[in-house]
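Here the structure comes first, spelled out in structure tokens, and everything after it is commentary.
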Amino acid sequence: MRAMRGTDRATEPGADPVRADAMGARARLDRAQAAWPTRKRVAVAVLTPVLLFLSLSASGGWALAGAAGWTALVALVSFASAMTLASYLPGPGTGLKLDFGCTPCAAVAALSVVASLVLLSSSPGDVPTAFLALAVAGFGLRQRLANPTTCPA
């Protein structure tokens with residue numbers, strides 16, 4: 001019964017709940033595409049395998065058979081780091097100037113990419129350290145996505 005409480009649109013006469021959900025999904029997709037234009041999505045697609053290769057090379061090589069969980073975490077760290085780096089790309093119509101935002105916050109986010117790579121290479125195959133690297137990369141990504149208009153610094 002709880003799932004039916006929020007379905008006001010579906011209970012209206014003549015309303016098509018499938019179409020309403022599809023329109024809502026399309027609106028969410030449009031907002032995501034506006035925030036992450038094609039330039040940034042392509043950068044993430046290119047940077048993720050590059051960062052994954054660098055991370056695995058720096059930490060002893062490919063260990064999928066022996067440490068699948070660690071390798072999956074390294075892939076997630078690479079994806080989060082690629083998103084962080086892609087967030088510096090300029091948006092459409094803003095020219096070629098990189099989007100640094102607030103300088104101290106931008107530096108912290110960029111350093112989180114380096115710090116996560118250092119953490120991964122410090123103890124290869126160690127899952128707790130990979131979780132820590134993921135947390136550091138996630139912090140940097142959140143710092144970039146929050147996009148503070150002013151810094152407290």
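Just so you know, all these numbers are worked out from the coordinates, no wet-lab data involved. Treat the numbers as computed from the prediction; the structure is a model and nothing was measured. Glycine gets a Cβ as well: all are built from the backbone with ideal geometry, and neighbour counts include every protein chain shown.
Can you put Thr38, Thr84 in order, fewest other beta carbons within 10 Å first? Don't jump to the answer; show the numbers that get you there.
Numbers: Thr38 9, Thr84 26.
The fewest-first ordering by Cβ neighbours comes to Thr38, Thr84.
Ranked highest first by average number of other Cβ atoms within 10 Å, how do 74-81, 133-140 line up?
Final packing ranking: 74-81, 133-140.
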